[in-house]
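For reference, the structure discussed in these notes is given below.
The values are calculated or read from the model by the stated rules, or taken from the named source; none is laboratory data. All figures in this text were calculated on a predicted structure; none of them were measured in a lab. Cβ atoms come from the backbone with ideal geometry, glycine included; neighbour counts cover every protein chain shown. Remember, those area values only see protein heavy atoms, side chains included, never the ligands or the DNA or RNA. Shrake-Rupley method; radii C 1.70, N 1.55, O 1.52, S 1.80 Å.
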Amino acid sequence: MPHITSSDGVRLSYVESGASSGHPVLLVAGFKAPATSWKPQLTALQKAGRRVIALDRRGHGDSEVGPDGGHTMDRHGADIGDAIRELALEDVTVVGQSIGGNSIWALLAAGGGGGIRDIVIVDQTPKMLNSDDWEYGFYDYDDSNVDTYFASGIPDPGRHPVASKGPVRVARLLKAMDVKAARAGFTPAELELLNDHAKRDWRPAIAATRVPVLFIAGRESEFWPCEHAGAAASLAPKGTSAVIEKAGHATNIEQPKVFDELLGRFLAG
């Protein structure tokens, strides 16, 4: 796979397809998901004449893990900025699913984001911790368990189990995801990143952004109420939102046709 080298010397792999002269779309996958998890979107984007780049974040897919101390949201955000710079992407649409979405806010919060035309966030609340002023965080996560809830992995809140998805959606998930990586447990680097992610609040970054942002949620998200999308969009000066029916957290994989239509309309707007 082709790769770039991040500003701290880590090799980051990516997959590129589509028209080299087309409008660039940078796809950033979620926690433990490889760049290839965007396969359901590639055909539609290529038919629309887009240049499509799917990035393996550090420690994911074929990218290197990187040194100790680099497993933070700030570093993952910087990696997106490095990819934009190294691949000479101009007026790029950046699409982030799950933690990949909040990595985009980490980039913007640090003063990056040059070259970004617009942003799409796929089923990711900007604040995982529930509080008096934010009720759209990860289910059952609040000040009482802030330091322990994600200590060993991702808790199962018991909402919308895999069995409820039906065979078609399950088959789509199995085809798109790296099942071996998902079953392998959590490395120290992954847990470090997960715990940093859980405690961050990206609402100020959303409020400060001046580019259009589309927030997409799955109606049956396993991790948080789908109303997070509308609440986040209300913070953004140019924010809009949509909820996809019969879709969970892996919204783009579970309902690719509906997702691709939403994304296509946003890109054409």
Segments 50-58, 5-13 sorted - mean Cβ within 10 Å per residue, highest first
50-58, 5-13
Of the residues Ile104, Ile154, Ile84, which exhibits the maximal mean-square fluctuation in a Gaussian network model of the chain defined by a 10 Å Cα contact cut-off?
Ile154
Candidates for mean projected area of the Cα convex hull in nm² are [x] 16.0; [y] 12.7; [z] 14.0, and the calculated one carries label [y]
Divide the volume of the convex hull of the Cα atoms of region 139-269 by its number of residues and quote the answer in cubic angstrom per residue.
130 Å³
Can you give the local net charge around Gly59? Use residues other than it whose beta-carbon is closer than 10 angstrom to its beta-carbon, Lys and Arg +1, Asp and Glu -1.
-1
Give me the 1.4 Å probe accessible area per residue for the chain, excluding ligands and nucleic acids, in Å².
42 Å²
What helix-only [θ] at 222 nm does the chain give? Using -39500 (n - 2.57) per DSSP H run of at least 4, over all residues, to the nearest 500, the answer is -9500 deg cm²/dmol
Roll a 1.4 angstrom probe over the protein heavy atoms and tell me the percent of accessible area of region 13-78 that is carbon or sulfur.
48 percent
Simple spin-label model, 7 Å along Cα-to-Cβ: Val162 to Ala19 in nm?
4.0 nm
Cα centroid separation, region 87-145 to region 194-269 (Å):
9 Å
Accessible area of region 119-269 with a 1.4 Å probe: how many percent of it is carbon plus sulfur?
56 percent
